[in-house]
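Everything below concerns the one structure shown next.
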Amino acid sequence: NPVLQLENVHKTYKPGTPGAVHVLRGASLTIERGEVVALVAPSGAGKSTLLHIAGLLDGADKGRVLVDGADTGALSDRRRTAIRRRQIGFIYQFHHLLPEFTAEENIVLPQLANGISAAEASARARQLLDTVGLKDRADHRPAAMSGGEQQRTAFCRALANQPGLLLADEPTGNLDPGTSDVVFSALMTLVRETGLSALVATHNLELAERMDRVIELRDGNLVKR
Ligand code: ADP
Ligand code: ADP
């Protein structure tokens, strides 16, 4: 099964009011296992909306969202939440790390919540930090790290529970161009080493070109670029 399928997805905010915004108008997309896809569009085009629907954080008005072949609209809330927690990792523009915990603890916590033992969780956290070049930052709190280091730590946290699909919303949008490049490379290393599939929204075309495939969100539809 493909990791993610969107079929004819529609989304309107404030439907039936003068302020209605028809953001998605029949968007369709298939992501195969191991594929890393760039989603490009200008600000306001609906990238966040699309990612939230793909990540089961918001529902579509019409159309289907299939994760690993399962039609998520046909599932109970409980099953849908389980899929979201176990199979999907989400990365935002801002890291949202917990300030009172170290880098390692931030990556350990979601694993403990998933029933992983403390020793195993710690080993995985350190291995992930090593992959993104942050082995020596494991015991630092977010405030003691640079913006790029914070974001790389957030990537590790998103992958802590080994999701099959990663959804990233402008993951380097908050960083200066030089840092962006380092952080993006770290993300690609993580994705490739773990065999992840990913959908990465960006308005940086240079970064987009480094992924397997680029799709564009235009007038509420997804088109090949
Ligand atoms: P992007 O991520 O590409 O910047 P968004 O998905 O955030 O785009 O937003 C797409 C459009 O939908 C924008 O016009 C935005 O103002 C509008 N929008 C997003 N979320 C909401 C919401 N909760 N209520 C009303 N309008 C929204
Ligand atoms: P992004 O930077 O990813 O495009 P935004 O800053 O557009 O995100 O949106 C942040 C949050 O505000 C989202 O949850 C989105 O749904 C909501 N939002 C965006 N635009 C509007 C809007 N016009 N009215 C209400 N909520 C909105």
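Nothing in this text is a laboratory measurement; each read-out follows from the coordinates by a stated rule. Note that the structure is a prediction, hence the values are computed from the model and not measured. With ideal geometry, Cβ positions are generated from the backbone for all residues, glycine too; neighbour counts draw on all protein chains shown.
Given labels modelled 7 Å from the Cα in the Cβ direction, how far is it in nm from ALA123 to ASN1?
3.0 nm
For the range 68-122, take N as its residue count and report Rg(C-alpha) divided by 2.2 N^0.38 Å.
1.40
Find the relative contact order for the chain and round it to a whole percent, using C-alpha pairs within less than 8 Å whose residues are 6+ positions apart.
Result for the chain is 30 percent.
Could you tell me the largest-minus-smallest coordinate of the C-alpha atoms of the range 97-206 on each of the three principal axes, in descending order and whole angstroms?
For the range 97-206, the Cα spread along each principal axis is 41, 31, 19 Å.
To the nearest 0.05, how large is the calculated FRET efficiency for LEU75 and VAL223 if R₀ is 35 Å and r is the Cβ-Cβ distance?
Efficiency computed from Cβ-Cβ geometry: 0.75.
So which lysines pass the test for LYS14, namely a Cα distance under 17 Å, with those fewer than 8 places away in the same chain ruled out?
LYS62
Just to be sure I understand the curve: with the Debye formula and one point per C-alpha of the range 1-145, what is log10 I(q)/I(0) at q = 0.09, 0.13, 0.14, 0.18 Å⁻¹?
Log-scaled intensity ratios, in q order: -0.39, -0.76, -0.85, -1.12.
Round to the nearest 10 and give me the degree value, 0 to 90, for the angle of helix 103-112's Cα axis relative to the longest principal axis of the chain.
60 degrees
Mind listing which GluC sites (Glu not before Pro) in the range 71-105 are in a DSSP loop and have 11 or fewer other Cβ atoms within 10 Å?
GLU100
Tell me which residues come under 5 Å, amide H to amide H, from LEU4 once H is placed; ignore anything under 5 positions away on its chain.
When sequence neighbours closer than 5 places are left aside, the close amide H contacts are ILE31, ASP68.
Under 19 Å Cα to Cα from LYS11, which aspartates and glutamates show up? Leave out anything in the same chain fewer than 8 places away.
Those aspartates and glutamates meeting the cut-off are ASP58, ASP61, ASP71, ASP169, GLU216, ASP219.
Taking Rh as the Kirkwood radius computed over C-alpha pairs, what is the Stokes-Einstein D of the range 1-51 at 10 °C in a medium of viscosity 1.306 mPa s, expressed in µm² per second?
For the chosen part, D equals 128 µm²/s.
Taking the alpha-carbon centroid of each part, what is the distance from the range 174-225 to the range 57-93 in angstrom?
Answer, in whole Å: 21.
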